[in-house]
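A short reminder: the numbers here are calculations on the coordinates, not readings from a lab. These numbers were taken from a predicted model, which means no experiment stands behind them. Cβ placement follows ideal geometry from the backbone for every residue including glycine, while neighbour counts extend to all protein chains displayed.
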Amino acid sequence: MKKLEKIILLTLSLTGVIILQSCSSDDSPTQISDTYIRFSIDDTDYDFLDIITAESLSITFNGNNGEGLTDVGDTRISLYLPLDITTGDFDIEGGAFGGDYKISFTSEPMGFDFNFAQSGNINVTSVSEDYVEGTFTATITSETDVTITLTDGEFRALMID
């Protein structure tokens, strides 16, 4: 079952990358320097700038420690929210097949392949025509049963018109 879930997750991830790279100029991912996703794992702080916003079946805010779409680095995070984003406090449940609010995390140095959080919370504090802002926490377990907790998460990302 874990192998099937991993295949499905990789398929979803590859589909997202293909969608991002094949967008027309009107629907291309947006990026701006005053956007960010920040969080901590144990005593290490992560601060990803120039967040990429994409839209498909949901709105996804993507952060990474690389140079951009062609060089995403070795640590990545994605926050998934429904297309009709509203303010409020929303639980993350069920990993890849859970509700409308999800968080995925990848970190080669930490030994985390593409994994969805099994639990956590996304609190959307502000939605405007330009930005979505909020906070989050997440607990994620790797393929080797190592569990990490993302704490003190906060984000500011562009909306898609």
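The table for this structure:
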read-out	value
Summed side-chain charge close to Gly99 - residues other than Gly99 whose Cβ falls under 15 Å, Lys, Arg +1, Asp, Glu -1	-4
DSSP-loop GluC sites (Glu not before Pro) across region 53-161, with at most 15 other Cβ within 10 angstrom	Glu67, Glu129, Glu143
DSSP-defined antiparallel bridges as percent of all bridges, region 67-139, nearest 5	100 percent
Residue order, fewest to most surrounding Cβ atoms within 10 angstrom, among Ile59, Ile77, Ile122	Ile59, Ile122, Ile77
